[in-house]
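Structure, as structure tokens:
A short reminder: the numbers here are calculations on the coordinates, not readings from a lab. Because the structure is a prediction, the values reported are computed rather than measured. Here the Cβ positions follow ideal geometry from the backbone for every residue, glycine too, while neighbour counts run over all protein chains shown.
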Amino acid sequence: MAEDSRGDPACGGMDGRQDPVPSSGGFNFPEYELPELNTHAFHVAAFGELWRGRLRGEGDLSLKEPPADREVTDSGCEDAAAARDLGCSLETAAELRAVCGLDKLRCLEEGEDPEVIPENTDLVTLGIRKRLLKHREETLRIDRACRQETFAYEMESHAVGKKPENSADMIEEGELILSHKEHKPYQTMLVLGSQKLTELRDSICCVSDLQIGGEFSNTPDQAPENISKDLYKSAFFYFEGTFYNDKRYPECRDLSRTIIEWSESHDRGYGKFQTAKMEDFTFNDLYIKVGFPYLYCHQGDCEHVVVITDIRLVHHDDCLDKTLYPLLIKKHWLWTRKCFVCKMFTARWVTNNDSFAPQDPCFFCDVCFRMLHYDAEGNKLGEFLAYPYVDPGTFN
Ligand SMILES: [Zn+2]
Ligand SMILES: [Zn+2]
């Protein structure tokens, strides 16, 4: 399915083909409309129920660390366990241990530094790494590809296996995790089945929430501190014929109304749309198609395509602290826009029709902007329009 669906089939991942379930079995497994695109609509909680019904309660759903039987030092006992697990003879199990046991993966001697690459290594990958490190030392170049990789890796792994400090924050066994992928900005989040749609809405960070409206060339000191998110609280998700509007605050407007009125004004063939309150629904309550592009809209007209790419049961290796969800695990690398003058600091202002600027629009950091456009007393020089600018690369 999507590049980032990584559900473990044994834990209810949906990204592999489903088990061939006899059609007479009465199971309501999601069926693929087109295998590469999306499933039919199905009820999220009912799907979780099916998995929980099929798996053995304590064992399969447990979020405790698995017993450390892998570290049994008694090799005879270990062989017996392996023979049982693999359905092979004791002899074969012993041979397997001799050929591919854990100790065979070790390449360092006691006390050796893993950062030091030995002179005469015959491992090709280590050779390449050695050359790369040497090259980096000689050129002092910033290795962007490497930085991006590190960034992506840290993003994905920062919460792996994390346990909550307070046991009340522990995720319950059998909880569902939905992978939620969003375009513009490109990011992937994990959200729990029991979480409300509003929890995801609050965690979606979009630069248009941070934009400050208005032109401030005459009064740059009065550019407001409050950001659009506080001013315009309306937003909706659209899933399967229903608009889920954020109605938590009295000033929230029903952004979906114009769309519904438009669709109903003529028979446009869209059928009847429903509306609901975003804060009244959890992801378990939804009927959705995995892989299908849905919509999140806020700030009146800032639209994001959202796709649920995977639904699976929680696993003991997951982040188990529910307060950390929705959990951002992937984010597109964004370049920060630098000040045109100093080429060093991130832009805070953007100007139009600027008599001092070689391009339109032109971006400035706060210091250069003021130095170039105002005299020592703070009087505006020349002609220009100035707007506060929030760089998409400066926030997470
Ligand atoms: Zn947006
Ligand atoms: Zn500058």
Note, D169: beta-carbon cut-off 15 Å, +1 each Lys/Arg, -1 each Asp/Glu, net -4
With the Cα gyration tensor of the range 100-206 giving a ≥ b ≥ c as the square roots of its eigenvalues, does the rule (a/c under 1.5 for rounded; else a/b larger than b/c for prolate; else oblate) give rounded, prolate or oblate? oblate
Could you tell me which of the pairs K64/K277; K233/K331; K130/K163; K163/K330; K130/K162; K104/K163 are separated by over 27 angstrom between their Cα atoms in the structure shown? K64/K277; K130/K163; K130/K162; K104/K163
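Which loop-located trypsin sites (Lys or Arg not before Pro) does the range 260-289 contain, where loop means any DSSP state but H, G, I, E or B and the Cβ has at most 14 other Cβ atoms within 10 Å?
Within the range 260-289, the qualifying trypsin sites (Lys or Arg not before Pro) (loop, at most 14 other Cβ atoms within 10 Å) are R268, K272.
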Can you bin the range 245-363 into rounded, prolate or oblate? Criterion: square roots of the alpha carbon gyration tensor eigenvalues sorted a ≥ b ≥ c, rounded for a/c under 1.5, prolate for a/b above b/c, oblate for the rest. oblate
